[in-house]
Amino acid sequence: MERLRYDEDTAFLLADNAATIARIVRTVPAERLRATRFGEWTAVEVLGHLADSAEIFAERVRRCVAEDRPTLQAFDQDALAAERRNAERDPLDLSRRLGAAHAEIVRLLMDEKARSRPGLHSEHGELDAGHFGAYQAQHARDHVGEIAKAFPPTA
C-alpha cells in the first residue's frame, strides 16, 4: 500500500468534503437521496458509508496519536453498512457524523509530530496517523465527487 502524506491541502480537502455533503443533505430531499443509485448503493447508503469510514479513520488517527503503536483492525464495509442499516438513516445525521469525524482528524493532525505516530494495521502493517487522515480525505473525495455531480448546487 502506498503511504500517503497528510498536509494542509489534505485538511482543506477533509473540510471541503464535509461541507459539500452538508450542502447536499440540506438542499436535496431525503426521498430523492434514497431513490438515486450509484451502482449497488443509494445516495443515502453512500453517505452512510462515508460517515462510517470517517469515524473509523478518525478513531485510527486518535489511537495512533494517543497510544504507542496500536493494532488497528481492517473492517468489512458491507457488513458494517448492513449492521447500521445505512439505507434507513437520516441523511442530515450522516452528514453531521461525517463533519464531526473529519473535523476531529484535522484537529488531531494539526501538530506535525502527531502525523508520524505509527499504528499497526492488520493487513497493511505499519502506517502513521497522517496516512490514515490522508486516506480518508482521498476516499471521501472520490465518493463526494460522484454525489456532487448528481446533486449540483442550484442558483
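Descriptive notes on the structure:
- Tabulated pairs, the stretch 64-78, first farther than 20 Å from residue 110 by Cβ, second assigned to a loop (DSSP other than H, G, I, E, B) and of a type in the set (Asp, Glu), C-beta under 7 angstrom, 6+ apart or interchain: 74/123
- Test result for residue 123, touching a helix residue (DSSP H, G or I) at 6+ places or on another chain (Cβ under 9 Å) and either surrounded by fewer than 22 Cβ atoms within 10 Å (Cβ to Cβ) or at positive phi (or both): no
- Any chance residue 83 is at pLDDT below 95, out of contact with any Phe, Trp or Tyr (no Cβ under 7 Å at 6 or more places or on another chain) and within 30 Å of residue 27 (Cβ to Cβ): yes
- Test: residue in the stretch 114-124 that is closer than 28 Å to residue 29 by Cβ, touching a residue at least 12 places away in the same chain (Cβ under 8 Å), touching a Leu at 6+ places or on another chain (Cβ under 7 Å) and not charged (D, E, K, R): no
- If the condition is being touching a helix residue (DSSP H, G or I) at 6+ places or on another chain (Cβ under 9 Å), surrounded by fewer than 19 Cβ atoms within 10 Å (Cβ to Cβ) and assigned to a strand (DSSP E or B), then the stretch 88-120 contributes only 118.
- Conditions (1) touching a strand residue (DSSP E or B) at 6+ places or on another chain (Cβ under 9 Å); (2) part of a helix (DSSP H, G or I); (3) at pLDDT below 95; number of the one not met by residue 1: (2)
- Filtered residues of the stretch 6-31 (kept if over 19 Å from residue 103 (Cβ atoms) and surrounded by 14 or more Cβ atoms within 10 Å (Cβ to Cβ)): 28, 30
- Of all residues in the stretch 118-155, those satisfying the criterion of being at pLDDT 95 or above, more than 15 Å from residue 59 (Cβ to Cβ) and among the hydrophobic types (A, V, I, L, M, F, W, C) are 134, 137, 140, 144, 147, 148, 150, 151.
- Some residue of the stretch 49-61 being farther than 19 Å from residue 127 by Cβ, surrounded by fewer than 21 Cβ atoms within 10 Å (Cβ to Cβ) and not charged (D, E, K, R): no
- The residue that is nearest to residue 93 (Cα to Cα), counting only those in the stretch 8-43 that are touching a residue at least 12 places away in the same chain (Cβ under 8 Å) and in a loop (DSSP other than H, G, I, E, B), is 28.
The values are calculated or read from the model by the stated rules, or taken from the named source; none is laboratory data. From a predicted model like this one, the values you see are computed outputs, not experimental measurements. A quick note on method: Cβ atoms are made from the backbone with ideal geometry, for glycine too, and the neighbour counts reach across all protein chains shown.
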